[in-house]
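The structure appears below as structure tokens.
The values are calculated or read from the model by the stated rules, or taken from the named source; none is laboratory data. Keep in mind that what you see is a predicted model, and the values were worked out from it rather than measured. Cβ: placed from backbone, ideal geometry, glycine included. Neighbour counts: every protein chain shown. In case anyone asks, the SASA skips ligands and DNA or RNA and just uses the protein heavy atoms, side chains included. Shrake-Rupley method; radii C 1.70, N 1.55, O 1.52, S 1.80 Å.
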Amino acid sequence: MKYMLIMRATDEAFAQMGEIDFDKMLETVGRFNDELIRAGVLLAAEGLDDAADGVVVDYSSADPVVTDGPYGETKELFNGFYILNVASKEEAVEWAKRMPMTGAGFKTEVRRVSTIDEFPQDNIWIQKERAWREATGQL
């Protein structure tokens, strides 16, 4: 099963990250990533740019409205993610408990990633996506 570990931080916690020696942070995160790789569970891991550099597309009106980031009120920012292939939700939670960036204001949300096999296989759009995934080596 695939699970996404979504790294979140409050504005204050995110600002505190700037005080951490960058080489030390790379070492700490690198060791965690290496553990995931050696365990054979890491599928993807990415960080995200500052939310202030992003945009929000709001579909509340007839025409979508695009506004500069960050999102309206930023209580917690989504800063990056890991996608793991593990046997259970419990295993994903155990990995989340070992995340290197911890402390007040940091959280990791754990959510299962649906697979294409969970959708009606007789649907033409699912069939097209399956063909694309097979052609690109994703299945």
Could you list the GluC sites (Glu not before Pro) in the stretch 1-31 that lie in coil according to DSSP, counting only those with at most 14 other Cβ atoms within 10 Å of their Cβ? GLU19
How big is the Cα convex hull of the chain in projection, averaged over all directions, in nm²? 11.3
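Pop out the carbon and sulfur fraction of the accessible area of the chain as a percent, whole number, probe 1.4 Å.
Working: 5080 of 9730 Å².
Using a 1.4 Å probe with all protein chains present, the chain comes out at 52 percent carbon and sulfur.
Quote to one decimal, in nm, the extra length available between VAL65 and LYS97 on full extension: 0.36 nm per residue of separation minus the C-alpha distance between them.
Full extension from VAL65 to LYS97 adds 7.7 nm.
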Please work out the FRET efficiency for the pair ASP11 and ILE124, using the Cβ-Cβ distance as r and a Förster radius of 35 Å; give the result to the nearest 0.05. 0.20
With a 10 Å cut-off between alpha carbons and a GNM built on the chain, which of SER60, SER114, SER88 moves the most? SER60
Return the Cα extents of the stretch 91-139 along principal axes one, two and three, sorted largest first, each rounded to a whole Å. 47, 21, 19
Helix-only mean residue ellipticity at 222 nm, the chain, DSSP H runs n ≥ 4 weighted -39,500 (n - 2.57), per residue, nearest 500. What is it? -10000 deg cm²/dmol
Starting from the 7 Å offset along Cα-to-Cβ, what nm value, one decimal, do you get for the label separation of ASP53 and ARG111? 2.3
Would you mind getting the accessible area per residue of the chain, heavy atoms of the protein chains only, 1.4 Å probe, in Å²? 70
Relative contact order of the chain, please, whole-number percent, based on alpha carbon pairs below 8 angstrom and at least 6 residues apart. 41
